[in-house]
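Colleague: The following block contains the structure, expressed as structure tokens.
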Amino acid sequence: MKILVLQHISCETPGFIKDLMIKDGAELTTIQLDEGGTIPQNLSSFDGMFCMGGPMDTWMEDEYPWLIEEKRKIKEFVIDLKKPFLGFCLGCQLLGEVAGGKVVKSSPPEIGILNIDLLKESKSDNLFHNFPNTIKALQWHSYEVVGLEKNNEVTLLGSSQTTKYQILKYMDHAYGIQFHIEIKSNTVSDWGCIPEYEKALEESLGPGALDKFDKLARDNMKDMNNHATILYENFKKLI
């Protein structure tokens, strides 16, 4: 199994799912885009693509010009080659934009360990059919994708009180997940060192919020790891 991983900051990896892939002996090719990494020209040799989160936004092409090529490569992989894709947070928004949506500022930002409600469409879905009706997951985003209703190939699978497109699917092989199901015990503390994330966290939850957020994540880690395992096992079946 050959997986191409697109990363936008070194600390945002596939996390717990990466551990599962390594245990399975998967061949991972990681492209660190913010450090000048380039996406391979030939994508047909990869069985799947993971696109991770990051502190930048999809529209920041002047500041991060590599976003232009990344969008083009996601489009090629998902729409032209029709290969399995899984995008988290920023990766979800990039998929949504490629599928014809628009990324806008969330009102309010969604930060915390919050509920995601899975819709009835998830019960017949390849990835989410054996998920419970409601799960808790880590949210840390100030933007979200909207306007996908006009694309008949996009299916909404899960929402939260604030964000409609928490889980979206393009056809039956490409998925965007606005939340973080891939986290590990060190995730919150690592991400809290990123100025953009720390600022968003304190603006939403107040000064000193990092320690409280870290504890809350750890308290819910077992369930999130279980859901990440289910997601990964189902994703493998797409390949």
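Colleague: Equivalent-ellipsoid semi-axes (√(5λ), Cα gyration tensor) for segment 4-143, whole Å, largest first?
Modeller: 23, 20, 16
Colleague: Okay, next question. For Lys222, list the lysines whose Cα falls under 19 Å from its own Cα; do not include residues on the same chain fewer than 8 positions away.
Modeller: Excluding near neighbours in sequence, the set is Lys18, Lys23, Lys136, Lys184, Lys212.
Colleague: So for segment 172-232, Kirkwood radius off the Cα pairs, Stokes-Einstein at 4 °C and 1.567 mPa s: how many µm² s⁻¹?
Modeller: It diffuses with D of about 101 µm²/s by this estimate.
Colleague: Also: Over the alpha-carbon set of the chain, divide Rg by the Kirkwood Rh and report the Rg/Rh ratio to two decimals. Please list the in-between numbers first.
Modeller: On the way: Rg = 16.4 Å, Rh = 17.7 Å.
Rounded to two decimals, Rg/Rh equals 0.93.
Colleague: Still on this model: Given the DSSP H assignment, sum -39500 (n - 2.57) over each helix run of at least 4 residues in the chain and divide by its residue total; what's the result at 222 nm in deg cm²/dmol, nearest 500?
Modeller: Taking each H run of at least 4 residues, the total per residue is -9000 deg cm²/dmol.
Colleague: With just the Cα atoms of segment 124-235, tell me how far they stretch along each of the three principal axes, in Å, largest first.
Modeller: Each principal axis gives a Cα extent; for segment 124-235 these are 43, 30, 21 Å.
Colleague: Let me ask another. How large is the translational diffusion coefficient of segment 48-104 in µm² per second when you combine the Kirkwood radius over alpha carbon pairs with Stokes-Einstein at 25 °C and 0.890 mPa s?
Modeller: Details: Rh = 11.3 Å.
Using the Kirkwood radius from Cα pairs, D works out to 217 µm²/s.
Colleague: How do His8, His227 rank by accessible surface area computed with a 1.4 Å probe, from largest to smallest?
Modeller: Ranked from most to least accessible, the order is His227, His8.
Colleague: Work out the charge dipole of segment 1-108 with +1 on the Cβ of Lys and Arg and -1 on the Cβ of Asp and Glu about the Cα centre, then indicate which of Met49, Gln7, Tyr64 is farthest towards its positive end.
Modeller: Farthest along the dipole direction, towards plus: Met49.
Colleague: Another question, then. Rounded to whole Hz and in sequence order, give me ³J(HN,Hα) for segment 215-230 from the Karplus expression 6.51 cos²θ - 1.76 cosθ + 1.60, θ = phi - 60°, writing x for Gly and Pro.
Modeller: For segment 215-230, the Karplus-derived couplings read 5, 4, 5, 5, 5, 9, 5, 4, 5, 5, 5, 4, 5, 5, 5, 4 Hz, x marking Gly and Pro.
Colleague: How large is the charge dipole for segment 93-239, taken about the Cα centre, if only the Cβ atoms of Lys, Arg (+1) and Asp, Glu (-1) carry charge, to the nearest 20 debye?
Modeller: Using only the charged Cβ atoms, the result is roughly 300 debye.
Colleague: How much of the DSSP beta bridge set in the chain is antiparallel, as a percent to the nearest 5? Write down the numbers at each step before the final one.
Modeller: On the way: 23 of 40 bridges.
Around 60 percent antiparallel, to the nearest 5.
Colleague: Any idea how far apart Asp34 and Glu196 come out in nm if each label point goes 7 Å out from Cα toward Cβ?
Modeller: Calculated label separation equals 0.7 nm.
The values are calculated or read from the model by the stated rules, or taken from the named source; none is laboratory data. What you see is a predicted model; the values in this text were computed from it and never measured. When we count neighbours, we look across all protein chains shown, and the Cβ atoms used for this are built from the backbone with ideal geometry, even at glycine. Quick note on the areas: whole protein, heavy atoms, side chains included, nothing else; ligands and nucleic acids left out. Shrake-Rupley method; radii C 1.70, N 1.55, O 1.52, S 1.80 Å.
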